[in-house]
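J.: My structure is below; once you've seen it, I'll send some questions.
The values are calculated or read from the model by the stated rules, or taken from the named source; none is laboratory data. Note that the structure is a prediction, hence the values are computed from the model and not measured. Glycine gets a Cβ as well: all are built from the backbone with ideal geometry, and neighbour counts include every protein chain shown. Keep in mind that these areas ignore ligands, DNA and RNA; they rest on the heavy atoms of the full protein, side chains included. Shrake-Rupley method; radii C 1.70, N 1.55, O 1.52, S 1.80 Å.
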Amino acid sequence: MMDPFSVGVHDLTIEYSSGGYAVRPIDGFDLDLASGELVLLLGASGCGKTTLLSALAGILRPQSGSITVGATDVTALRGPALTEYRRGTVGVVFQSFNLVPSLSALENVAMPLLLAGVSRRVARERASALIDRVELTERAGHKPSELSGGQQQRVAIARALVHDPPLVLADEPTAHLDYIQVEGVLRLLRELATPGRVVVVATHDERLLPLADRVVELSPRVRSHPREPEMCELDAGGVLFRQGDPGELVYVVDEGEIELVRHRVDGTDERVTTVGPSGYFGELAPLFGLPRSATARATRPTTVTGSTVADFRARRHGAYPVTDLMAGAAD
């Protein structure tokens, strides 16, 4: 019989305020996940990996779009229904472990069951079985300070499984682990993706790539090979790129003027800077694989030329090393 469990993300947009500016790391995003899949959300810090996990967990509410987990429309949940979803449907593994220092490994795993009203005997039996599953039987009575980073992360994974959730979300689960500690965690994450369950891992750690059924890259790819410059003509008010767009090119103003503005959550714009002839802008996004941090638009009829970072530096005969690029105009 076919397992009907799946996860669907459709036209999802998430926006939040950062220092009064509107940040939109997820914009019109679509993703469909099938039962038994281990899916990696791959990308640099700031690309929206944790934001998307938070929305899947029902912790963060999107501006628009829908998230469906099994037969549940997560974005429509409120109050007790949302609490029940977070408790019974989703298991979350945090990069910082979030273990209670005063409790043993076994007690940390049993705690969510006790808080849900499960009897102490049943909670202990379930926790003990999970501690065995993550191969920490001999360390069950040890407190977090007595465990290695890899062992603490395995305890955190066991805790995330106490309600046998069909959706497991892991946020940078190998961030604090060395190559020795990481082996057991990687194997365990792979084993969790079985029929009836979906495992989603947000990471920038490429050691996880061979384990994944699918990789979703949230950071834009940066071209490293040379290519012809791209010339663009803009009328007054014309937009070259918008805040939150992926970015691949560095731009030089040939004629006219570009203003870089950041959008505030109250709907207003703040001008960051203006760039005139021979000035360049837009370098941070392609350098670090980040979304554009500002909108670029023409204040009058303007012509710009866009190049990859490598091409830009080569055409300027090395006049702009990376450190200088970083000091240029805002994206």
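J.: Tell me, which residue of region 12-22 that is out of contact with any Ser or Thr (no Cβ under 7 Å at 6 or more places or on another chain) and closer than 24 Å to Ala76 by Cα is surrounded by the most Cβ atoms within 10 Å (Cβ to Cβ)?
T.: Among them, the one singled out is Leu12.
J.: Further question: Condition test on Val100, is it open to solvent by 20 Å² or more (accessible area, probe 1.4 Å) and not polar (S, T, N, Q)? Spell out how you get there, then give the answer.
T.: Working: open to solvent by 20 Å² or more (accessible area, probe 1.4 Å): yes; not polar (S, T, N, Q): yes.
Against the criterion (open to solvent by 20 Å² or more (accessible area, probe 1.4 Å) and not polar (S, T, N, Q)), Val100 qualifies.
J.: Then there's this: Quick check on this structure: which one of Val253, Val265, Val216 is more than 18 Å from Pro25 (Cα to Cα) and aliphatic (A, V, I, L, M)?
T.: Working: Val265 fails: more than 18 Å from Pro25 (Cα to Cα); Val216 fails: more than 18 Å from Pro25 (Cα to Cα).
Every option except Val253 fails the conditions.
J.: Any residue that is within 23 Å of Ala158 (Cβ to Cβ), of a type in the set (Ser, Thr, Tyr) and in contact (Cβ under 8 Å) with a residue 60 or more places away in the chain - is there at least one of those in region 49-65?
T.: yes
J.: Another question about this same structure. Inspect region 171-179 for any residue being in a helix (DSSP H, G or I) and of a type in the set (Ser, Thr, Tyr) and give the result as yes or no. Step through it out loud before you land on a result.
T.: Just the residues of region 171-179 that are in a helix (DSSP H, G or I), to begin with: none.
No.
J.: To continue, here is another question. Within region 38-80, work out how many residues are surrounded by fewer than 19 Cβ atoms within 10 Å (Cβ to Cβ) and farther than 20 Å from Tyr16 by Cβ.
T.: Number of matching residues: 8.
J.: Here are Val185, Val201, Val162, Val155: which of them is assigned to a strand (DSSP E or B), open to solvent by less than 60 Å² (accessible area, probe 1.4 Å) and either touching a Leu at 6+ places or on another chain (Cβ under 7 Å) or of a type in the set (A, V, I, L, M) (or both)? Spell out the reasoning first.
T.: Details: Val185 fails: assigned to a strand (DSSP E or B); Val162 fails: assigned to a strand (DSSP E or B); Val155 fails: assigned to a strand (DSSP E or B).
Unique residue meeting the criteria: Val201.
J.: Step by step: first the residues of region 1-58, then only those that are among the aromatic types (Phe, Trp, Tyr) and within 20 Å of Glu172 (Cβ to Cβ), then the one that is modelled with the lowest pLDDT. Which residue is that?
T.: It comes out as Tyr16.
J.: Would a scan of region 75-94 turn up a residue that is in contact (Cβ under 8 Å) with a residue 24 or more places away in the chain and farther than 19 Å from Asp164 by Cα?
T.: The answer is no; no qualifying residue exists.
J.: Filter region 95-119 down to the residues that are free of Cβ contacts under 8 Å to residues at least 24 places away in the same chain and of a type in the set (Ser, Thr, Tyr) and list them by number.
T.: The one that is free of Cβ contacts under 8 Å to residues at least 24 places away in the same chain and of a type in the set (Ser, Thr, Tyr): Ser119.
J.: Residues being farther than 23 Å from Ala34 by Cβ and hydroxyl-bearing (Ser, Thr, Tyr): count how many of those fall in region 51-80.
T.: So the answer is 1.
J.: Which members of region 218-244 meet the condition of being on the phi < 0 side of the Ramachandran plot, modelled with pLDDT of 85 or more and open to solvent by 30 Å² or more (accessible area, probe 1.4 Å)?
T.: Scanning region 218-244 gives Glu230, Met231, Cys232, Glu233, Asp235, Ala236, Val239, Leu240, Arg242, Gln243.
J.: Go through region 263-297 and report how many residues are basic (Lys, Arg) and modelled with pLDDT of 90 or more.
T.: Selection size over region 263-297: 2.
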